[in-house]
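Quick notes on the structure that follows.
The values are calculated or read from the model by the stated rules, or taken from the named source; none is laboratory data. The shown structure was predicted, so the numbers you read here are calculated from the model rather than taken from an experiment. Using ideal geometry, Cβ is built from the backbone for each residue, glycine included, and neighbour counts are taken over all protein chains shown. What goes into the accessible areas is simple: the full protein's heavy atoms, side chains included, and nothing from ligands, DNA or RNA. Shrake-Rupley method; radii C 1.70, N 1.55, O 1.52, S 1.80 Å.
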Amino acid sequence: MQIAIDLPNDFVSFQSVAEIEKDIRLSYALWLFKDTKVTITKAAELAHLDIYDFMAACKQNQVPIIDISRQELLDELEGM
């Protein structure tokens, strides 16, 4: 599927179309992953990144990779 977005010229004059597409893909993938709509693997695929680069992008954008509270982790470790 292809989606077209009309952007004013002054918003795109400082970036190439390829850079804009890359940024939009990454932003959308991060949003989908953060909102638990897709797995990390699917999000990385959408962003055209390998899983490790996507994980680095998550860290850079403060998107948690593991969704577990501190207490849940402590409880889990205590049970080991």
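For this structure, a couple of remarks:
- Among the residues of the range 55-78, those identified as closer than 29 Å to D23 by Cβ and out of contact with any Phe, Trp or Tyr (no Cβ under 8 Å at 6 or more places or on another chain) are M55, A56, A57, K59, Q60, N61, Q62, P64, I65, I66, D67.
- Contacts under 8 angstrom Cβ, first residue in the range 14-29 being within 20 Å of Q62 (Cβ to Cβ), partner at pLDDT 95 or above and not in a loop (DSSP other than H, G, I, E, B), 6 or more apart: R25/L46; L26/A57; Y28/L46; A29/A43; A29/A44; A29/L46; A29/F54
- Matching residues in the range 56-66 - criterion: being part of a helix (DSSP H, G or I) and farther than 12 Å from A29 by Cβ: A56, K59, Q60
- Considered as a group, the residues in the range 62-80 that are under 13 Å from the mean Cα position of the chain (by Cα) and surrounded by fewer than 13 Cβ atoms within 10 Å (Cβ to Cβ) include one that is modelled with the highest pLDDT, and that residue is Q62.
- Residue match in the range 36-52 (condition: modelled with pLDDT of 85 or more, among the aliphatic types (A, V, I, L, M) and open to solvent by 80 Å² or more (accessible area, probe 1.4 Å)): no
- Within the range 6-21, the set of residues being part of a loop (DSSP other than H, G, I, E, B) and open to solvent by less than 100 Å² (accessible area, probe 1.4 Å) comprises L7, P8, S13, Q15, S16.
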